[in-house]
Amino acid sequence: MKKNSIENIKKIADRIRREREKSNLTQSDVAQKLGCTYQCISNYERGVSRIETSVLRGLCEIYKTDLNYIIYGSVDDSNLPETDTNDKKVLLSYHEQAHIKKYRACDKRGKDIVDTVLDYE
């Protein structure tokens, strides 16, 4: 394996570990969600095991992050979901989508509080 390829694998592994830690999840937590063992997650985070695309997508869903970030270290806006708002295309990151889902789950009082904070900003 080429040196550059090994470096890329290590970078991906490091980003996966950092996203798990940011999500306040243990390797066991993630393993349970993916239906594998914590050793498997450990191997991914150390760059020891090859990660299948389906597993990468599952990790992104769990961590609410973009696949491009995990692979390349940055988010390519061209891959983000689009919505139409007054004839303008609006790109929503996974993080923004998660906020919208939480907002929609709020009761009227919760939505009023969020609206007040956003109007203040």
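The values are calculated or read from the model by the stated rules, or taken from the named source; none is laboratory data. What you are looking at is a predicted structure, and each value in this text was computed from that prediction instead of being measured. Note that we place each Cβ from the backbone using ideal geometry, even for glycine, and neighbour counts take in every protein chain shown.
Answer yes or no: is there a residue in region 107-114 that is within 19 Å of the chain's Cα centre (by Cα), at pLDDT 80 or above and either assigned to a helix (DSSP H, G or I) or among the hydrophobic types (A, V, I, L, M, F, W, C) (or both). No: region 107-114 contains no residue that is within 19 Å of the chain's Cα centre (by Cα), at pLDDT 80 or above and either assigned to a helix (DSSP H, G or I) or among the hydrophobic types (A, V, I, L, M, F, W, C) (or both). For region 8-38, filtering for residues that are in contact with a Phe, Trp or Tyr (Cβ under 6 Å, 6 or more places away or on another chain) and hydroxyl-bearing (Ser, Thr, Tyr) leaves 2. Please work out if Ile100 is surrounded by 11 or more Cβ atoms within 10 Å (Cβ to Cβ), in contact with a Leu (Cβ under 8 Å, 6 or more places away or on another chain), modelled with pLDDT under 85 and on the phi < 0 side of the Ramachandran plot. Yes: the conditions hold for Ile100.
When region 45-90 is filtered for residues that are over 16 Å from the mean Cα position of the chain (by Cα), modelled with pLDDT under 80 and either charged (D, E, K, R) or not in a loop (DSSP other than H, G, I, E, B) (or both), the ones remaining, listed by number, are Ser78, Glu82, Thr83, Asp84, Thr85, Asp87, Lys88, Lys89, Val90.
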